[in-house]
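**Q** So that we are looking at the same thing, I have put the structure below in structure tokens.
Values in this text are rule-based calculations from the coordinates and carry no lab data. A quick note: this is a predicted structure, and the numbers were derived from the prediction, not measured. Cβ coordinates were reconstructed from backbone atoms using ideal geometry, including for glycine residues, and neighbour counts include every protein chain displayed.
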Amino acid sequence: MLDSMRWRYRLSEARAFLQTERDLLVKGRAAELASLAARRKLVAESLSEMPASVAEANRAAVREIAAAARRNQRLLRAWLDGAAEAVRRLKAIDESRARIGAYRADGTRLAGAAAAPTTERRA
């Protein structure tokens, strides 16, 4: 009986953790997500020790937790893909900026034209 209660508590704890993780993913809080890594590992290890008989007795909760973990995984993947796309876009902008320079009226580039931004000084 006591062992069963402990496992139900662990399942409840895992469910709450996954909800917290989802909330942080939706809000885009990278630093807080990173700080959860150690706790995520502990929760996963805790559940991996669950006896088959307990998992069977709590089948609905185990399925719910598995679904929540998959959902978070999809959110995290989308989040990382979006961040990678933003990095690619910023690189493309930087590369374009490097190609921009000074040109003659006929469209040829002036030799030695600086691609770096210029500043204007006024007295």
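**Q** Apply the a/c threshold of 1.5 to the C-alpha gyration tensor of the stretch 1-57 and tell me whether it is rounded, prolate or oblate.
**A** prolate
**Q** Still on this structure: What FRET efficiency would be calculated for the residue pair Ala34, Arg99, taking the C-beta separation as r and a Förster radius of 41 Å, to the nearest 0.05?
**A** Result of the calculation: an efficiency of 0.70.
**Q** First obtain the Kirkwood hydrodynamic radius of the stretch 54-102 from its Cα pairs, then insert it into the Stokes-Einstein equation at 25 °C and 0.890 mPa s, and state the resulting D in µm² per second as a whole number.
**A** For these conditions, the coefficient is 175 µm²/s.
**Q** What is the dipole size for the stretch 1-94, taken about its Cα centre, with +1 at each Lys and Arg Cβ and -1 at each Asp and Glu Cβ, in debye to the nearest 20?
**A** In debye, rounded to 20, the stretch 1-94 gives about 240.
**Q** Run a plain Debye calculation on the stretch 1-103 (Cα atoms as equal point scatterers, no solvent) and give log10 I(q)/I(0) at q = 0.16, 0.17, 0.25 Å⁻¹, rounded to two decimals, same order as the q list.
**A** After summing over all Cα pairs, the log10 values are -0.77, -0.83, -1.31.
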